[in-house]
Structure formats: structure tokens, C-alpha cells
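Student: Have a look at the structure that comes next, please.
The values are calculated or read from the model by the stated rules, or taken from the named source; none is laboratory data. Being a predicted model, the structure only gives us computed values, none of them experimental. Virtual Cβ from ideal backbone geometry, glycine too; neighbours counted across all protein chains shown.
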Amino acid sequence: MPTGTTGTAALRGEDIVKRLGAKTALDGVSMTLRQGEILLLDEPLAAMGAREAGLIIDLVLRLKEKQGLSIVMIMHNYAQTLDIADRVMLMQRGRMTYEREAASTSVAELMDIVRREYRSMRTAAS
């Protein structure tokens, strides 16, 4: 670990993968730590235990804070999303249907929007 730094964000990408044992979920992080400006993560917490998910969330928040990265994450767990995100956007059927500051929404509101869209699609298919 480099001198003067501590915690997960101080590790190189390869060290993070070894430490967390979650190579698939962290491939994007490994590449981004080599001087990227935007971090794209597709379901970074999928199939993670609570400990590993916590380490990844900590890493993402540290990268955002310390390296000024813009982070785009595709997630289906709205509670985790609201813990991490500044802004939330919902995409349904290939188009953005909702955008708001994370602090201005709730899991219940997001679920309600998705349920309405799902019911609308089922009705249209009948």
C-alpha cells in the first residue's frame, strides 16, 4: 500500500481484487484506478455477501470523494442505491422514466414507479 494512505481506496486495482475475492464485480474498478474519470459498474453488489458488499460500497464512496470520479452504476437494489447515489434515474423499456436527487426519493417511491410500469405492460399485453 502506498505510504500515507489507508483503507480500500489506497489499494491498487489488483490488490483490491485479491483482498475482496470478487474479480468479476471489480474489473471496472481495477481499470478505473489507472487514471479514469468515469467509473461504470453493472450490478457491482450482485451475488456479494454483506461484508463484500460493504467493502465495495466503501470503495465506491472513497473513489468518488478522493479521486473526484463520476460513477454510473446499474443496480436493482434500491436501498443500496439510495445509500450510495447522489442522483437516481430509472430506465424502463430503454428510456429514462424518472430522475431525482437521491435524498428526495425513497425505496417505496421507486418501487411504486416500477410496479405501475410493470402493471401497465401486463395490461397492454393482455
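Student: Output the residue which, of all residues in the stretch 40-57 that are surrounded by 16 or more Cβ atoms within 10 Å (Cβ to Cβ) and of a type outside the set (A, V, I, L, M), is farthest from residue 109 (Cα to Cα).
Tutor: If we take residues in the stretch 40-57 being surrounded by 16 or more Cβ atoms within 10 Å (Cβ to Cβ) and of a type outside the set (A, V, I, L, M), then 52 is farthest from residue 109 (Cα to Cα).
Student: If you don't mind, another one. Residue 114 - would you say it is in a helix (DSSP H, G or I) and either in contact with an Asp or Glu (Cβ under 6 Å, 6 or more places away or on another chain) or surrounded by 14 or more Cβ atoms within 10 Å (Cβ to Cβ) (or both)? Give the derivation first.
Tutor: On the way: in a helix (DSSP H, G or I): yes; either in contact with an Asp or Glu (Cβ under 6 Å, 6 or more places away or on another chain) or surrounded by 14 or more Cβ atoms within 10 Å (Cβ to Cβ) (or both): yes.
Yes, satisfied.
Student: Continuing with the same structure: Kindly establish whether residue 112 is under 15 Å from the mean Cα position of the chain (by Cα) and acidic (Asp, Glu).
Tutor: Values: under 15 Å from the mean Cα position of the chain (by Cα): no; acidic (Asp, Glu): yes.
Here the answer is no, as residue 112 does not meet what is asked.
Condition check ((1) surrounded by 18 or more Cβ atoms within 10 Å (Cβ to Cβ); (2) modelled with pLDDT of 85 or more) across all residues:
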site	(1), (2)
59	yes, no
73	no, yes
76	no, yes
81	yes, yes
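Student: Still on this structure, please answer the following. Can you tell me which residue in the stretch 97-111 is surrounded by the most Cβ atoms within 10 Å (Cβ to Cβ), limited to those that are among the aliphatic types (A, V, I, L, M) and within 19 Å of residue 86 (Cβ to Cβ)?
Tutor: We begin by selecting, within the stretch 97-111, every residue among the aliphatic types (A, V, I, L, M); these are 102-103, 107-108, 110-111.
From what is left, the residues that are within 19 Å of residue 86 (Cβ to Cβ) are 102-103, 107, 110.
Details: 102: 14, 103: 11, 107: 13, 110: 18.
Looking at residues that are among the aliphatic types (A, V, I, L, M) and within 19 Å of residue 86 (Cβ to Cβ), I get 110.
Student: Next question. Go through the stretch 83-100 and give me each residue that's at pLDDT below 90 and of a type in the set (Lys, Arg).
Tutor: Answer for the stretch 83-100, where residues must be at pLDDT below 90 and of a type in the set (Lys, Arg): 93, 95.
Student: State whether one or more residues within the stretch 60-71 are hydrophobic (A, V, I, L, M, F, W, C), assigned to a helix (DSSP H, G or I), in contact (Cβ under 8 Å) with a residue 40 or more places away in the chain and in contact with a helix residue (DSSP H, G or I) (Cβ under 7 Å, 6 or more places away or on another chain). Give the derivation first.
Tutor: At the first step, the residues of the stretch 60-71 found to be hydrophobic (A, V, I, L, M, F, W, C) are 60-61, 63, 69, 71.
Narrowing further to those that are assigned to a helix (DSSP H, G or I): 60-61, 63.
Subsequent filtering for residues that are in contact (Cβ under 8 Å) with a residue 40 or more places away in the chain retains 63.
Among the residues that remain, those that are also in contact with a helix residue (DSSP H, G or I) (Cβ under 7 Å, 6 or more places away or on another chain) are: 63.
Checked against the condition, which is being hydrophobic (A, V, I, L, M, F, W, C), assigned to a helix (DSSP H, G or I), in contact (Cβ under 8 Å) with a residue 40 or more places away in the chain and in contact with a helix residue (DSSP H, G or I) (Cβ under 7 Å, 6 or more places away or on another chain), the stretch 60-71 yields at least one hit.
Student: Now for a separate question. How many residues does the stretch 76-105 hold that are closer than 21 Å to residue 44 by Cα, assigned to a loop (DSSP other than H, G, I, E, B) and not charged (D, E, K, R)?
Tutor: So the answer is 4.
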